[in-house]
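The values are calculated or read from the model by the stated rules, or taken from the named source; none is laboratory data. Just so it is clear, the model here is predicted, and its values are computed rather than measured. Here the Cβ is made from the backbone with ideal geometry for all residues, glycine too, and neighbour counts use every protein chain on show.
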Amino acid sequence: MAINFVAAGAAEADSISFAAHQENDIILIMAYRNTTTNISFPAGWDELSINLTTVSRRSVIATKRAASSSETSGTWTNASHLMYYIARPTDTHLIVGNVKSSSTNNSTTQNNPNLNCRKSSRAVRMVAFDPSSATGYAEQTDFTSRQASVFSDAACHVSDSDSMVASVALYTNTMSEAIRCHSWIFEILETSFDLAGGGGGGVAFPVIGGGGLVY
C-alpha cells in the first residue's frame with residue numbers, strides 16, 4: 001500500500017493540461033482568482049470547498065478520480081490561475097480527507113495552515129500569491145516542491161510531504177514585499193476498498209428485506 005506522486009503543474013489560465021496519468025489516479029485542483037469574482041466548478045469535479053473569499057481574492061478546490069488516461073480539467077470560469085497534483089495508489093483507492101485554508105492580507109508574513117489528518121496520509125500544499133514579484137517563499141521542512149511557477153499576475157507553488165504524516169504544523173514565510181495569498185493543505189489517504197474489487201473491496205453487503213429475509 002502506498003500513495004505515489006505522479007505529476008503537478010500550474011498555468012495562468014482557466015484550464016490546464018494534465019501530465020500522463022492513468023485510471024484510478026486521484027487529481028486535485030486549486031483554482032485562484034486575483035479579484036473577488038466567483039470561480040465556477042466545471043462538471044465532473046467533486047467540490048471540496050465553496051469559493052473562499054478573503055483578502056480580496058478567490059480560490060476553490062476540487063478533486064476527481066481518473067476514469068481513464070485522458071482526463072481533462074474543463075474550464076474553471078473566472079479563474080486566473082490553476083494548479084494540479086496527481087497521486088497514484090498501488091492496491092487501494094485514494095480519497096481526500098481533511099482540507100484547510102489560510103490567507104495572507106497585504107503582509108510580508110505569508111501564512112500556511114496546519115492540518116490534523118485522519119490517519120497517516122500524504123499532505124499536499126497548494127499556494128497562490130500576488131504580486132508575483134515577491135520572493136521568499138520556501139517549502140515547509142520535510143516537504144518536497146513539486147511545482148513552482150512565477151506568472152505575470154501571481155506565483156503558484158505545489159508541494160507534498162516527504163513521508164506519510166498524521167499532522168502538519170502551521171508555518172510562515174517572510175516575503176520580500178507585502179502579498180495577498182491563499183494557501184490550502186489537503187490530506188490524501190487510502191481507503192479499505194481495493195482496486196481489483198472495483199471499489200467494493202470484494203466485500204458483500206447483505207440486503208435485509210421484509211420479514212428479516214436476507215438477499
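Details
- For first residues located in the range 132-148 and at pLDDT 95 or above, partners that are in a strand (DSSP E or B) and among the charged types (D, E, K, R) and lie 6+ apart or on another chain with Cβ distances below 8 Å form the pairs SER133/GLU177; ALA134/GLU177; GLU139/ARG125; GLN140/ARG125; PHE143/ARG125; PHE143/ASP160; THR144/ASP160; ARG146/ASP160.
For (1) in contact (Cβ under 8 Å) with a residue 60 or more places away in the chain; (2) over 18 Å from PHE151 (Cβ atoms); (3) charged (D, E, K, R); (4) touching a Ser or Thr at 6+ places or on another chain (Cβ under 8 Å), each residue gets a yes or a no:
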position: TYR32; (1), (2), (3), (4): yes, no, no, yes
position: ASN38; (1), (2), (3), (4): no, yes, no, no
position: VAL55; (1), (2), (3), (4): yes, yes, no, yes
position: SER59; (1), (2), (3), (4): yes, no, no, yes
position: SER70; (1), (2), (3), (4): no, yes, no, no
position: TYR85; (1), (2), (3), (4): yes, no, no, no
position: THR92; (1), (2), (3), (4): yes, yes, no, yes
position: VAL96; (1), (2), (3), (4): yes, yes, no, yes
position: VAL99; (1), (2), (3), (4): yes, yes, no, yes
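- Scanning the range 28-41 for residues that are small (Gly, Ala, Ser) and farther than 24 Å from ILE179 by Cβ turns up at least one hit.
- Among the residues listed as ALA2, ALA20, the single one being over 16 Å from the mean Cα position of the chain (by Cα), farther than 18 Å from PHE129 by Cβ, of a type outside the set (Ser, Thr, Tyr) and at pLDDT below 95: ALA2
- Residue in the range 192-214 that is within 22 Å of the chain's Cα centre (by Cα) and either at pLDDT 95 or above or within 22 Å of ILE16 (Cα to Cα) (or both) present: no
- Scanning the range 26-35 for residues that are surrounded by 23 or more Cβ atoms within 10 Å (Cβ to Cβ) and under 16 Å from ASN78 (Cα atoms) returns ILE29, MET30, ALA31, TYR32, ARG33.
- If you go through the range 40-79 and pick out every residue that is within 18 Å of VAL158 (Cα to Cα), touching a Phe, Trp or Tyr at 6+ places or on another chain (Cβ under 6 Å) and not hydrophobic (A, V, I, L, M, F, W, C), you end up with 2.
- Here the range 64-78 is the region considered, the condition is being surrounded by 18 or more Cβ atoms within 10 Å (Cβ to Cβ) and not small (Gly, Ala, Ser), and the residue that is nearest to LEU170 (Cα to Cα) is TRP76.
- Inter-residue pairs, beta-carbon under 7 Å, first touching a residue at least 40 places away in the same chain (Cβ under 8 Å) and in the range 3-23, second surrounded by fewer than 18 Cβ atoms within 10 Å (Cβ to Cβ) and β-branched (Val, Ile, Thr), 6+ apart: ASP14/THR75; ASP14/THR77; SER15/THR75
- For the range 79-119, a residue qualifies if it is surrounded by fewer than 16 Cβ atoms within 10 Å (Cβ to Cβ), at pLDDT 95 or above and not in a strand (DSSP E or B), and exactly one does: ASN114.
- In the range 36-63, the residues that are surrounded by 17 or more Cβ atoms within 10 Å (Cβ to Cβ), of a type outside the set (Gly, Ala, Ser) and in a strand (DSSP E or B): LEU52, ARG57, ARG58, VAL60, ILE61, THR63
- The range 64-74, residues that are part of a loop (DSSP other than H, G, I, E, B) and of a type outside the set (Val, Ile, Thr): ALA66, ALA67, SER68, SER69, SER70, GLU71, SER73, GLY74
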